[in-house]
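One structure below.
The values are calculated or read from the model by the stated rules, or taken from the named source; none is laboratory data. Keep in mind the model is a prediction, meaning the values are calculated, not measured. Note that each Cβ is placed from the backbone with ideal geometry, even for glycine, and that neighbours are counted across all protein chains shown.
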Amino acid sequence: MGKQVPDIARKGIVDKLILIGEVTGGNPYFTFFERVYPECKKIPFNGTTLSAEIARHCDAFPGDWGDENGIFSVVDIFNWTDSQFLYFCKEYVNPVFNRSRWDDEVGERIDLQAQCVEAINLYLKDCGYELKPSNKIGDKTQYKLEAISGVKGTIQGIVFAAVHKPEILFTDFLNQEIRIPHNADEYLYYDKAIENGGLKWGD
């Protein structure tokens, strides 16, 4: 069975988060990974645990595993289960992490959380999930991960507002092309492309 969040989406998310910066949110690497990937505290690694090795090679001896790309490679993020990766996405934007950057142009510190949420959602939405605000405490926003409801696959056309149940003929079964031979004035047929944002009432 394939992944719900395929490698191309995982790589896109990880690459964008690294580009945004402040990956660990001001925390030691082992603290960061223990929150976003709790299993690391139990996974055997070099005679100890993955968490302990992260503390050694990323915190005590920075650079042992290279940059963030090297670290994510060592923890094998692309082979995590879907539930583990989705948990990572949700916890990554947990307000316990303080990600910000000083912007010389505006002369103030910019909170990076919104950029991280946007980067994650850019890919997760195409996989059927989305981070949405769930709670606000002071200036901190908590997020929850929600499955996006809807029809799986590609929609070829929607017949709606029919007066009676229409008779539908497939003129090209492979390409899902249809024709309704009778009473064309008794229904509406939507056959335009449906964008990532979905089909809205105004459309």
| Candidate set: region 1-41, residues that are of a type in the set (Lys, Arg) and under 17 Å from GLU91 (Cβ atoms); chosen: the one nearest to the chain's Cα centre (by Cα) | ARG10
| Applying the selection to region 108-145, what residues are small (Gly, Ala, Ser) and either surrounded by fewer than 19 Cβ atoms within 10 Å (Cβ to Cβ) or assigned to a strand (DSSP E or B) (or both)? | ALA114, GLY128, SER134, GLY138
| Among PHE72, PHE85, which is the only one that is modelled with pLDDT of 95 or more, over 13 Å from the mean Cα position of the chain (by Cα) and within 24 Å of HIS57 (Cα to Cα)? | PHE72
| query | Do we find a residue being assigned to a helix (DSSP H, G or I) and either within 30 Å of GLY138 (Cβ to Cβ) or at pLDDT 95 or above (or both) anywhere in region 92-106? | reply | yes
| Within the bounds of region 68-81, is there any residue that is outside any helix (DSSP H, G or I), surrounded by 14 or more Cβ atoms within 10 Å (Cβ to Cβ) and among the polar types (S, T, N, Q)? | no
| Pick from ASP59, ASP76: which is in the same structural domain as TYR143 (by TED's automatic domain parsing), within 20 Å of TYR37 (Cβ to Cβ) and touching a Phe, Trp or Tyr at 6+ places or on another chain (Cβ under 8 Å)? | ASP59
